[in-house]
Amino acid sequence: MPTHLVSLVTAAEHPAALARFWADLLGWRITAEAPAEATVQAPPGDGCEIALSFVPASQPKNGKNRLHLDLASTSAQHQRETAARAVSLGARPIDIGQHNVPWTVLADPEDNEFCVLEPRTEYAESGSLAAIVVDAQDPARLARFWSSLTAWPVAADEPAITALRNPTGRGPALEFLRAHTPKHGKNRLHLDLAPRRDDDHTAETRRILAAGAREIDVPGAVFADLEDNEFRLLAPR
């Protein structure tokens, strides 16, 4: 049986403080907190099954992240209010070459990029998070790999972006966006997967490797996907 996405993990200089920023911005709750690690989860009505986890960083942030979050909005006013609340909590507007776009590009208190999107019908049922976005040199190929791991079907396939959606229709999409810059160094953000409660961890490891992943020896990671993005396979849950 396919694994399921458990969390998006961010390496942070101050994990607890960054978790508090995201909890306050999204209206989520901190479910685990310690000086070295913290976890933020959506309330039951949000529909998001993926937690945000924050762990100690082994090195400073260097360059643009290859993974980032897109936040949903329900109206132009809601978009403005969300962006303003983010800034009041410690975010700042940034220019990453986006030029004149309808979404707002910000950096969180540790300079991790994220976007507050204008209202879009495809995210109407997503909840607070519209998408987890992954830079990819071959979006369709990388999306097929992650679809095989998660059983999330392809919801959109365009030349520049391929999107997967949770079969429940709730929570963020997993989107692969064409980027021409190759990966350099360890990602500051990565995904955690886990087998279902009664599934076999060893069997899932074999299935992940058969799909094209490779085992790596990087602190805090276990595998790399087809474009060398680190991810972990946790214990069944």
remark   = Filtering the stretch 1-52 down to residues that are in contact with a helix residue (DSSP H, G or I) (Cβ under 9 Å, 6 or more places away or on another chain) and among the acidic types (Asp, Glu) yields Asp24, Glu33, Glu37, Asp46
request  = Would you be able to say whether some residue in the stretch 133-153 is touching a residue at least 24 places away in the same chain (Cβ under 8 Å), surrounded by 20 or more Cβ atoms within 10 Å (Cβ to Cβ) and either hydroxyl-bearing (Ser, Thr, Tyr) or under 24 Å from His78 (Cα atoms) (or both)?
outcome  = yes
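Got a number for residues in the stretch 52-76 being closer than 23 Å to Thr104 by Cα and assigned to a strand (DSSP E or B)?
6
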Tabulated pairs, the stretch 194-214, first surrounded by 15 or more Cβ atoms within 10 Å (Cβ to Cβ), second of a type in the set (Gly, Ala, Ser) and outside any loop (DSSP other than H, G, I, E, B), C-beta under 6 angstrom, 6+ apart or interchain = Ala211/Ser148
inquiry  = For a quick check of your reading of the model, give me the residue pairs whose first member lies in the stretch 40-62 and is more than 16 Å from Arg232 (Cα to Cα) and at pLDDT below 95, whose second is assigned to a loop (DSSP other than H, G, I, E, B) and of a type in the set (Val, Ile, Thr), with beta-carbon atoms closer than 9 Å and at least 6 apart or on different chains.
reply    = Gly47/Thr168; Glu49/Thr168
ask   = Out of (1) over 26 Å from Asn166 (Cα atoms); (2) under 14 Å from the mean Cα position of the chain (by Cα); (3) acidic (Asp, Glu), the odd one out for Glu37 is which?
value = (2)
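Quick one: count up the residues across the stretch 154-189 that are of a type outside the set (A, V, I, L, M, F, W, C) and exposed (fewer than 15 other Cβ atoms within 10 Å of the Cβ). Lay out the reasoning, then the answer.
Step one: filter the stretch 154-189 for residues of a type outside the set (A, V, I, L, M, F, W, C), giving 157-159, 162, 165-172, 175, 178, 180-188.
Then keep just the ones that are exposed (fewer than 15 other Cβ atoms within 10 Å of the Cβ); that gives 157-159, 167-169, 180-182, 184-185.
Summing the residues that are of a type outside the set (A, V, I, L, M, F, W, C) and exposed (fewer than 15 other Cβ atoms within 10 Å of the Cβ) in the stretch 154-189 gives 11.
The values are calculated or read from the model by the stated rules, or taken from the named source; none is laboratory data. Keep in mind that this is a model prediction, so the values were computed, not measured. Cβ: placed from backbone, ideal geometry, glycine included. Neighbour counts: every protein chain shown.
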